[in-house]
Amino acid sequence: MGLELRQNLKLTQQLVMTPQLQQAIKLLQLSRLELLEAIQQELLENPVLEEATDHPIPEATEDIPPAPPELATAALSCNERDLLRNADWETYLGDFASTSKQHNKEAELQEEMTPWEGRVSGKPSLEGHLLWQLRLSDLDEASQAIGEAIIGNLDSRGYLTATMEDLMEQTGAQREAIEAVLARIQRMDPVGVAARSLQECLLVQLEVLGQDDPILIALVRDHLEDIERKRFKPLARKLKIELEDLRAYLDIIQSLEPLPGASFGSEATVYVSPDVFVHECNGEFVVLLNEEGLPRLQISSHYESLLQGGQGPDRDYIQEKARSAQWLLKSLQQRQKTLYKVMESIVRFQQDFFRHGVTKLKPLVLKDVAEDIGMHESTVSRITSNKYVATPHGVFELKFFFNSGLSVDDGSEVGSESVKAIIKQLVSEEDPAHPLSDEKIAAVLKERLDINIARRTVAKYRAVLGIESSSRRRQIL
């Protein structure tokens, strides 16, 4: 069998992911803050791209219609109120102002001279708060070294994670010395910190509060599991007390702090900025994109003139950057149009939600919206990632509107998120002394709303909502 070389001509189709296409796809799934960072980075890297100094109102396009006059009037009145609130009255009043201009200038100059680190306060940590108290105590150097080892082995809840043997090996101290320092730390602020168990944490707090009732101490030391499982009547018989007396003891226990270090959490609060607003106007829902804070980009006129008259390597460089800038502008415009179309489709599918709330949320999948707007499911999935919408019923992630369905006796379906909201409402309205069991909740859904749901499904939704079982929700009268 001989070997030979041949030339064959074959015609195929394939998708080539160019850098420009990858950039356009990436912009779809960016959140609003991430999009702002990407635009600022592009402004730094591309000299042809610049931020428009004027901010003209864009003309209405076929895809994004203008806002109704009612909303525009409301926005105008809001702007007028902001103008009155933020007006520079000191400059307007001149010499009749409450403070002099010279004083204001001195204050501004002093603020500018102050380093940025000096104007920003950091949130105190549990470790730093305890070390500060340890430095102010009358403990000697050896005891302070033991205290530093104890504080260094606390978790985010404020509990001691190291064993006594670990601390002895780490510090080289005797058990008695470690126990003495541990007792001092447990009575620092917050009281009960560095405890090794919930019982020890609560007992230390009772001691500091001067609560020495033997029944109260016995409840904390030996019967926390009975309290957790709401076994109140057997517990009252065991301790030979009335239920009213038990309620008084439980009120004291509930006033204690089971997680002393929780108030010193290091996680910063995450604020959500909606990408879209949905307003009701004359019985119809209007979709408005939130473009506040997003810079308006344009091609620099200076580089356009250089591109027309230049030549050589400089012209090639400017031409390449100009093409990149034009593609970015086109991608940003396409992103906004896609976001508007998807939100408009969601509003059409979820009319009952926008009118009545979460309990009227219908089942919806990505395929429904993709077919409605003539786009691929992957595009809808990307544009709904990390995006939020402000509705008359609160701020929701766009992914929230896509949920599975449960069957109803009349042949229709109801959204799973709607069923969760109904379960949460039923639990909030139940009798605390006789809470609804999972079987009872399923029966109520069947009787009132004709929703067929199994007990195990109710238990699953209840767990997702963070609702305890009926035995743990039961309260004594």
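Here are the numbers for this structure:
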quantity	calculated
Selection count, region 216-238, where residues are surrounded by 15 or more Cβ atoms within 10 Å (Cβ to Cβ), touching a residue at least 24 places away in the same chain (Cβ under 8 Å) and not aromatic (Phe, Trp, Tyr)	6
Contacts under 6 angstrom Cβ, first residue in region 280-291 being acidic (Asp, Glu), partner not in a loop (DSSP other than H, G, I, E, B), 6 or more apart	none
Some residue of region 347-354 being acidic (Asp, Glu) and touching a Leu at 6+ places or on another chain (Cβ under 8 Å)	yes
Per-region count, region 348-367, residues over 16 Å from residue 418 (Cα atoms) and surrounded by 17 or more Cβ atoms within 10 Å (Cβ to Cβ)	1
Lone unmet requirement of (1) among the basic types (Lys, Arg); (2) at pLDDT below 80; (3) under 31 Å from the mean Cα position of the chain (by Cα) for residue 460	(2)
Test: residue in region 317-336 that is under 18 Å from residue 390 (Cα atoms) and either more than 34 Å from the chain's Cα centre (by Cα) or in contact (Cβ under 8 Å) with a residue 60 or more places away in the chain (or both)	yes
Set 261, 192: member being touching a residue at least 60 places away in the same chain (Cβ under 8 Å), out of contact with any Phe, Trp or Tyr (no Cβ under 8 Å at 6 or more places or on another chain) and surrounded by 15 or more Cβ atoms within 10 Å (Cβ to Cβ)	192
Residues of region 33-55 that turn out to be open to solvent by less than 90 Å² (accessible area, probe 1.4 Å), assigned to a helix (DSSP H, G or I) and charged (D, E, K, R), as a count	2
Selection count where residues are in contact with a Leu (Cβ under 9 Å, 6 or more places away or on another chain) and under 19 Å from residue 209 (Cα atoms), scope region 159-185	3
Of the criteria (1) touching an Asp or Glu at 6+ places or on another chain (Cβ under 7 Å); (2) among the aliphatic types (A, V, I, L, M); (3) over 30 Å from residue 248 (Cβ atoms); (4) at pLDDT 80 or above, which one residue 406 fails	(4)
Residue match in region 325-336 (condition: of a type in the set (D, E, K, R), in contact with a helix residue (DSSP H, G or I) (Cβ under 6 Å, 6 or more places away or on another chain) and open to solvent by 80 Å² or more (accessible area, probe 1.4 Å))	no
Subset of region 415-469 that is among the charged types (D, E, K, R) and not in a helix (DSSP H, G or I) - its residue that is least open to solvent (accessible area, probe 1.4 Å)	430
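The values are calculated or read from the model by the stated rules, or taken from the named source; none is laboratory data. Just so it is clear, the structure is predicted and the values come from calculations on it, not from any experiment. A quick note on method: Cβ atoms are made from the backbone with ideal geometry, for glycine too, and the neighbour counts reach across all protein chains shown. Areas reflect the complete protein model, heavy atoms only, side chains present, ligands, DNA and RNA absent. Shrake-Rupley method; radii C 1.70, N 1.55, O 1.52, S 1.80 Å.
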